[in-house]
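The values are calculated or read from the model by the stated rules, or taken from the named source; none is laboratory data. Just so we're clear, the structure is a prediction, and the values are computed from it rather than from any experiment. Methodologically, a virtual Cβ is constructed for each residue, glycine included, from the backbone with ideal geometry; neighbour enumeration extends over all protein chains shown. Remember, those area values only see protein heavy atoms, side chains included, never the ligands or the DNA or RNA. Shrake-Rupley method; radii C 1.70, N 1.55, O 1.52, S 1.80 Å.
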Amino acid sequence: MEVKELTEKLLLQEFGEFLIEMQFLGPFEGEDLDVNLILKEEPADLADRDYRIHRYLLDKGFDVLIGYDVWDGSDEL
Amino acid sequence: MIEIDFAREILAMVRAFLLLGMRTQPMYRIILSRLYYAAHHVGRLMLRNVGLTPEQWYADVHRRVLDELERHFVSTGTMSRNAWRSLWQLRQLRTLADYTLSTPIRLRNINQGMTLFTTYFDECRRILGVI
């Protein structure tokens, strides 16, 4: 399975219910993929969910950067 | 420990910039980049303390620092998953800041970066016995 397909599957498994948008970016340097998630709210166990994804991807040899942004409805800079 | 001093100085600099109202896109991008690299250097210090030689790594250094931190500190229960993933997320924020100029960096991204940095840095200092 390709890195993007695998990452998307894992992110949907862990964050599907919280997800507003999944933005795929990069890669820009040595990483395999960059993903930015826009979430409705932050799950209380985000650290554990994020850890599981990173650990799984590292075991598969993939270096994926995942960012989490909780949308607050504002465009304030 | 030069890495700890550097990280403290970066944190103080970022707080000062924000207090002075330096809230521009270039400044936000500089802040996220400096926070990540300060954290990365602390990670290298942690790994040197367990006998590794990150200064001799020439490929995939950023990924390898994270991988080795997990192996030596997280899987042994010394470092929390939350601190470890904070470094991952800082790395992602830094990449976003440095490469995606079309995506505005928002104040909430800066606040998030500060929280991630302090979570990670506080825990590293605790492990290193440097308060």
Have a look at B:His62, B:His72 and point out the one that is more than 19 Å from B:Ile105 (Cα to Cα) and within 13 Å of chain A (Cβ to nearest Cβ). B:His62
Checking B:Leu116 against (1) closer than 20 Å to B:Ala12 by Cβ; (2) more than 11 Å from chain A (Cβ to nearest Cβ): exactly one of these is not met. Which one? (2)
I'd like to check which strands (runs of 3 or more DSSP E) are fully inside chain A and have at least 2 residues that are more than 10 Å from every other protein chain (Cβ to nearest Cβ) and open to solvent by less than 20 Å² (accessible area, probe 1.4 Å). A:33-39
Only one of (1) assigned to a helix (DSSP H, G or I); (2) without any contact (Cβ under 8 Å) to a residue 40 or more places away in the chain; (3) away from chain A (no Cβ under 12 Å) is not met by B:Asn111, so which one is it? (3)
Go through segment B:1-45 and give me each residue that's touching a Leu at 6+ places or on another chain (Cβ under 8 Å) and without any contact (Cβ under 8 Å) to a residue 40 or more places away in the chain. B:Ile10
Could you list all residues from segment B:85-108 that are facing another protein chain (nearest Cβ under 7 Å) and either among the basic types (Lys, Arg) or open to solvent by less than 40 Å² (accessible area, probe 1.4 Å) (or both)? B:Arg85, B:Trp88, B:Gln89, B:Arg91, B:Gln92, B:Leu93, B:Thr95, B:Leu96, B:Thr100, B:Arg106, B:Leu107, B:Arg108
Please verify whether segment B:116-129 includes one or more residues that are within 11 Å of B:Leu32 (Cα to Cα), not charged (D, E, K, R) and not in a loop (DSSP other than H, G, I, E, B). yes
Answer yes if at least one residue in segment B:88-100 is closer than 14 Å to A:Asp34 by Cβ and part of a loop (DSSP other than H, G, I, E, B), and no otherwise. yes
